[in-house]
Amino acid sequence: MDSIGVAVIGTGFMGKCHAQAWNAVTAVFGTRPKPWLELLCDVDRDRAACLALDWNFARWTDDWHAVVSDPRVDAVSITTPNNLHRDIAVAALAAGKHVWCEKPMGVRLADAEAMAQAARDTERVTLLGYGYLQNPALQHAARLIRSGAIGRVIDFRGQVDEDYLADPQLPWSWRMRAEEAGLGTLGDITVHLISVARLLVGPIARLAAVTETVHRTRPLLAGGVAAVDTDDLAHAVLRFADGTSGMIGSSRVAHGRKSMIRIEVHGDKGMIVFDQERLNELQLYRAEGPKAERGFSTILTSPDHPPYGQFCPAPGHQLGFNDLKVIEAAHLLACIRGEETPCVDFAGGLDIERTVHTMAQSAREERWFTVPRDTTLAPVA
Ligand SMILES: NC(=O)c1ccc[n+]([C@@H]2O[C@H](COP(=O)([O-])OP(=O)(O)OC[C@H]3O[C@@H](n4cnc5c(N)ncnc54)[C@H](O)[C@@H]3O)[C@@H](O)[C@H]2O)c1
């Protein structure tokens with residue numbers, strides 16, 4: 001297969017990110033199939049028409065149904081708000097398209113279950129937009145852990161904090177209503193932290209969580225205030241499936257934090273520390289050598305941390321957030337060629353969704369829960 005017709009649905013923050021990735025992936029990786037940017041879609045006709053030109057798409061539409069039924073489209077990027085992911089993904093898979101969908105999978109757990117079912121029913125590739133996992137630094141951390149560099153993993157600490165809703169005067173929006181958004185910080189950013197925990201340690205088996213809505217009302221643009229019923233904070237203590245313990249915290253109201261995904265993986269012979277705000281660095285501590293000389297070393301990413309070298313032959317020159325999406329696009333194409341397995345497909349994504357929905361339930365009922373591997377939430381006695 002020499003080329004592949006691609007479409008992007010949604011032209012906001014992540015639509016632009018996917019469009020850049022589709023444009024760049026062949027130049028950076030030199031692999032096939034080469035994406036042919038066939039169709040750009042946005043419900044806003046003017047945006048679709050204007051951005052199709054800027055982003056090198058051959059055609060545009062304002063109707064996503066036209067995308068999934070288009071015979072020249074082989075793969076679809078879904079970068080719309082969460083409440084459209086399920087309908088578009090299920091229709092695209094039924095029409096035989098590969099699907100690259102942004103997280104979270106939907107609004108309700110049932111959305112993720114329906115998407116995972118639809119993926120099981122086809123042989124097409126599904127990939128969720130957990131782009132942070134593509135970071136060469138994090139992939140190196142995973143390799144270090146697997147190679148025993150920090151010994152047996154005994155503890156995982158994770159924190160994902162941003163301040164995009166820290167200002168209480170920010171106006172009310174759909175993200176603050178459970179009916180439309182599903183979860184709050186849990187669906188927005190806790191899912192990313194769980195994807196990292198799964199990469200470095202594995203799936204989470206049991207947890208006890210607390211959540212909180214810090215700003216319970218928000219001003220309406222038209223005047224007055226509206227109630228907020230989605231979570232601003234979500235924290236949990238964890239037991240991973242392999243028995244490792246852990247704790248995670250997340251906040252969308254953490255003043256000063258812009259894109260903090262900070263993890264510590266504690267081993268019985270050392271520790272690894274990473275923070276997405278310094279995404280080209282990894283801290284490694286090994287409990288070996290003279291005690292007076294021990295300390296964390298900083299590893300800067302370089303061509304020794306693939307696929308960094310595809311972007312730049314010089315070490316320490318640093319990749320950025322959008323580059324991780326280019327790596328994700330290359331990964332998707334490798335999955336389509338049958339050479340790689342999706343790092344988070346719809347089945348893996350369902351596990352992440354079940355974990356955050358279990359956190360929400362645990363917080364409501366104030367007790368420990370087992371993360372279900374079937375469709376029901378099963379409380380631990
Ligand atoms: N992986 C990440 O790091 C990351 C970061 C931000 C957002 N996201 C996810 O990406 C998705 C999009 O978020 P965003 O921040 O880009 O949102 P956004 O509001 O910037 O963009 C959404 C776009 O979808 C369009 N749209 C709305 N309804 C549509 C319809 N019926 N048909 C076609 N287009 C439609 C809007 O006009 C807009 O252009 C969300 O699911 C979000 O959770 C992921």
Subject >> Among (1) surrounded by fewer than 21 Cβ atoms within 10 Å (Cβ to Cβ); (2) at positive phi; (3) near the ligand (Cβ under 9 Å from one of its atoms) - the single one residue 10 does not satisfy >> reply: (1)
Original post:
Do you know which residues across segment 123-162 are of a type in the set (A, V, I, L, M), closer than 22 Å to residue 346 by Cβ and not in a strand (DSSP E or B)?
Top reply: 125, 133, 138, 142
Subject >> Residue ID - nearest to residue 73 (Cα to Cα), chosen from residues in segment 39-49 that are within 8 Å of the ligand (Cβ to nearest atom) and surrounded by fewer than 19 Cβ atoms within 10 Å (Cβ to Cβ) >> reply: 43
Original post:
Within segment 101-114, can one find any residue that is assigned to a helix (DSSP H, G or I) and within 13 Å of the ligand (Cβ to nearest atom)?
Top reply: yes
**OP:** Give 4, 88 a once-over and let me know the one that is within 11 Å of the ligand (Cβ to nearest atom), crowded, with 19+ Cβ neighbours inside 10 Å and among the β-branched types (Val, Ile, Thr).
**Re:** 88
Original post:
Are there any pairs, at least 6 apart or on different chains, whose C-beta atoms fall under 7 Å, with the first in segment 275-291 and under 21 Å from residue 162 (Cβ atoms) and the second of a type in the set (Ser, Thr, Tyr) and crowded, with 18+ Cβ neighbours inside 10 Å, and if so, which?
Top reply: 276/132; 280/301
Original post:
What residue, of 166, 234, 208, 222, is in a strand (DSSP E or B), hydrophobic (A, V, I, L, M, F, W, C) and more than 21 Å from residue 129 (Cβ to Cβ)?
Top reply: 208
Original post:
Do you know which of the residues in segment 56-81 that are of a type outside the set (Asp, Glu) and more than 20 Å from residue 45 (Cα to Cα) is nearest to the ligand (Cβ to nearest atom)?
Top reply: 75
Original post:
Quick one: would you say residue 96 is touching a Lys or Arg at 6+ places or on another chain (Cβ under 8 Å), buried (at least 24 other Cβ atoms within 10 Å of the Cβ), touching a residue at least 24 places away in the same chain (Cβ under 8 Å) and not aliphatic (A, V, I, L, M)?
Top reply: no
Subject >> Members of segment 304-333 that are buried (at least 16 other Cβ atoms within 10 Å of the Cβ) and either small (Gly, Ala, Ser) or within 23 Å of residue 149 (Cα to Cα) (or both) >> reply: 305, 307, 308, 329, 330
**OP:** State whether one or more residues within segment 179-199 are within 30 Å of residue 140 (Cβ to Cβ), touching a helix residue (DSSP H, G or I) at 6+ places or on another chain (Cβ under 7 Å), touching a residue at least 12 places away in the same chain (Cβ under 8 Å) and not in a helix (DSSP H, G or I).
**Re:** no
Original post:
Which residue, of 36, 22, is part of a strand (DSSP E or B), aromatic (Phe, Trp, Tyr) and either within 10 Å of the ligand (Cβ to nearest atom) or surrounded by 14 or more Cβ atoms within 10 Å (Cβ to Cβ) (or both)?
Top reply: 36
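Since every read-out is calculated from the coordinates, none of them should be taken as a lab result. Computed from a predicted structure; not experimentally measured. Cβ coordinates were reconstructed from backbone atoms using ideal geometry, including for glycine residues, and neighbour counts include every protein chain displayed.
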